[in-house]
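These notes concern the structure reproduced below.
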Amino acid sequence: MFLVAVTGGIATGKSTVTQVFKDNGVPVIDADIIARSVVEQGKPAWHKIKMVFGDGVLTESGDIDRDALGRLIFNSAEKRKILNEITHPEIHRIMYKQIIKYFFLGHPFVVLDLPLLFETGVMFQFIHKIITVTCEEDMQLTRLMDRNRYSEEDAKKRIAAQMPLQHKCEKSHFVIENSGSIRDTQAETLKILELLQESNHHWKLRGILLTTAAILFSGIAWFLHHRYKIFPLPQIQ
């Protein structure tokens, strides 16, 4: 099994792309969904956020106020870094568990929806192919303001906090331009899906893992036989 990352800027349309993969039976692990789950009330990350940033980032019911926290961290690179240090280890731990699950279920590849793939760099070394979703700057700004009801100033701060889209595109294997119609984006995604399905990279990885497992098992069997006489070794006639 190999890993495919879908990344891009905020409000560029990554969910449209990942939905195509889901509709075609490809598992998608969404970092944003996991990020929301790890800060649920009472969880370790929630306690750390409350301790570091105070009650001002909580709603009346005690949940994380995402808007209040967002305004706080997007005005300070240092506070943004602290929040990432609190949440990212928990996010990655859950992602690794899900990746292992899909490996044992026999999927040839898994798509990871990673908005901050390049910014954090943590999972970069495990990714086989990178897809960056981009769109025109004015369209990105308008989408973000409409979707999240941000002011223009707040929307620009959130966009500026991420790596420029052009830099992400230069580091990617595939680029999907999402300034046109949804149908165009879906068609472009399907072309990439076909290329990924034709890849035999997952067989190479499985072969390496199975060979490694066989060698490891043989070594353990040899040790147990000579130490405890548990495994009988084959006799040469």
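Overview of values
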| item | result |
| --- | --- |
| Tally, over region 144-200, of residues that are touching a residue at least 60 places away in the same chain (Cβ under 8 Å), surrounded by fewer than 18 Cβ atoms within 10 Å (Cβ to Cβ), aliphatic (A, V, I, L, M) and outside any helix (DSSP H, G or I) | 1 |
| Restricting region 85-121 to residues that are among the β-branched types (Val, Ile, Thr), touching a helix residue (DSSP H, G or I) at 6+ places or on another chain (Cβ under 6 Å) and more than 16 Å from LYS14 (Cα to Cα), the residue that is surrounded by the most Cβ atoms within 10 Å (Cβ to Cβ) | ILE91 |
| Selection within region 51-68 - more than 22 Å from ARG149 (Cβ to Cβ) and β-branched (Val, Ile, Thr) | VAL52 |
| Subset of region 163-189 (residues that are β-branched (Val, Ile, Thr) and out of contact with any Asp or Glu (no Cβ under 7 Å at 6 or more places or on another chain)) | VAL175, ILE182, THR185, THR189 |
| Candidates ILE94, ILE86, ILE99 - the one that is touching a Lys or Arg at 6+ places or on another chain (Cβ under 7 Å), touching a residue at least 40 places away in the same chain (Cβ under 8 Å), on the phi < 0 side of the Ramachandran plot and assigned to a helix (DSSP H, G or I) | ILE86 |
| Sole exception among (1) without any contact (Cβ under 8 Å) to a residue 24 or more places away in the chain; (2) part of a helix (DSSP H, G or I) for GLY25, by number | (2) |
| Close pairs from region 62-73: first within 10 Å of ILE49 (Cβ to Cβ), partner in a loop (DSSP other than H, G, I, E, B) and modelled with pLDDT of 95 or more, Cβ under 7 Å, at least 6 apart | ILE64/VAL39 |
| Check on LYS168, among the basic types (Lys, Arg) and modelled with pLDDT under 95 | no |
| Candidate set from region 31-49 (those that are small (Gly, Ala, Ser) and part of a helix (DSSP H, G or I)); member that is surrounded by the fewest Cβ atoms within 10 Å (Cβ to Cβ) | SER37 |
| Breaking point among (1) farther than 24 Å from GLN125 by Cα; (2) touching a Gly at 6+ places or on another chain (Cβ under 8 Å); (3) of a type outside the set (Asp, Glu), for LYS43 | (2) |
| Considering residues of region 102-130 that are farther than 15 Å from VAL26 by Cα, aliphatic (A, V, I, L, M) and not in a helix (DSSP H, G or I) only, the residue modelled with the lowest pLDDT | VAL122 |
| Selection from region 50-81 of residues that are closer than 21 Å to GLU119 by Cα, outside any helix (DSSP H, G or I) and not aromatic (Phe, Trp, Tyr) | ASN75, SER76 |
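Quick grid of which residues meet (1) of a type outside the set (Asp, Glu); (2) modelled with pLDDT of 95 or more; (3) more than 26 Å from LYS22 (Cβ to Cβ); (4) touching a strand residue (DSSP E or B) at 6+ places or on another chain (Cβ under 7 Å):
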| site | (1), (2), (3), (4) |
| --- | --- |
| VAL175 | yes, yes, no, yes |
| SER179 | yes, yes, no, no |
| LEU193 | yes, yes, no, no |
| GLU198 | no, no, no, no |
| PHE217 | yes, no, yes, no |
| PHE231 | yes, no, yes, no |
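The values are calculated or read from the model by the stated rules, or taken from the named source; none is laboratory data. Source: prediction; values computed, not measured. Neighbour counts are summed over all protein chains in view; Cβ atoms, including those assigned to glycine, are modelled from backbone coordinates with ideal geometry.
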